[in-house]
């Protein structure tokens, strides 16, 4: 019983630390954020921070890994094609982004680590491209170019959606991404 209470306190403390850090990342790059600022914002002492993280970069890495793991759960073993079932699957990712809009906006901004987008790109590559490769007769090199184009376009669409207040529904966004990915501008 004591262990469960402690786990709950640890989760609560980590949540405060993460929230404090995210609030600071909204205004300045990680290189300008100090542990002192994070601790003051979270109303904790430095020893508490260091009990969970080595520095602000470790904290950011753990936040990024949490998001990567969550996205992986949505994509795991799924081939995303241009069909209604894929719209539903991709809508779930947009729902996740909506629920975690602050952290997603920050992780895709210039204030965070550029490595996050690379990690995300690699994850999606592993989960989506094998299905694409089976359905299209393209060379590996062409597949890489097409995937890079589609991924960077998707990140741009997600940023625009987040910055615009997420007015369109998740399913509308999923349909737009799939339509552009599979048919390009010719379908508009």
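Would you be able to say whether some residue in the stretch 2-21 is closer than 30 Å to residue 93 by Cα, in a loop (DSSP other than H, G, I, E, B) and within 22 Å of the chain's Cα centre (by Cα)? Taking every residue of the stretch 2-21 in turn, none turns out to be closer than 30 Å to residue 93 by Cα, in a loop (DSSP other than H, G, I, E, B) and within 22 Å of the chain's Cα centre (by Cα). Could you tell me which residue of the stretch 128-148 is modelled with the lowest pLDDT, considering only residues that are in contact with a helix residue (DSSP H, G or I) (Cβ under 8 Å, 6 or more places away or on another chain) and outside any helix (DSSP H, G or I)? Selected residue: 136.
Restricting attention to the stretch 93-109, which residues are surrounded by fewer than 19 Cβ atoms within 10 Å (Cβ to Cβ) and under 8 Å from residue 170 (Cβ atoms)? 95, 98, listed by residue number. Quick check on the stretch 30-43. Is at least one of its residues modelled with pLDDT of 95 or more, touching a helix residue (DSSP H, G or I) at 6+ places or on another chain (Cβ under 8 Å), surrounded by 15 or more Cβ atoms within 10 Å (Cβ to Cβ) and within 30 Å of residue 128 (Cβ to Cβ)? Checked the stretch 30-43: no residue is modelled with pLDDT of 95 or more, touching a helix residue (DSSP H, G or I) at 6+ places or on another chain (Cβ under 8 Å), surrounded by 15 or more Cβ atoms within 10 Å (Cβ to Cβ) and within 30 Å of residue 128 (Cβ to Cβ).
Condition first: in contact with a helix residue (DSSP H, G or I) (Cβ under 9 Å, 6 or more places away or on another chain), surrounded by fewer than 17 Cβ atoms within 10 Å (Cβ to Cβ), in a helix (DSSP H, G or I) and modelled with pLDDT of 95 or more. Can you find one or more residues in the stretch 72-86 that meet it? Looking through the stretch 72-86, none of the residues is in contact with a helix residue (DSSP H, G or I) (Cβ under 9 Å, 6 or more places away or on another chain), surrounded by fewer than 17 Cβ atoms within 10 Å (Cβ to Cβ), in a helix (DSSP H, G or I) and modelled with pLDDT of 95 or more. Scan the stretch 149-186 for residues that are part of a helix (DSSP H, G or I) and in contact (Cβ under 8 Å) with a residue 12 or more places away in the chain and the total you get is 24.
The values are calculated or read from the model by the stated rules, or taken from the named source; none is laboratory data. As the structure is a prediction and not an experimental result, all values here were calculated from the model. Here Cβ is always computed from backbone atoms with ideal geometry, including for glycine, and neighbour counts include all displayed protein chains.
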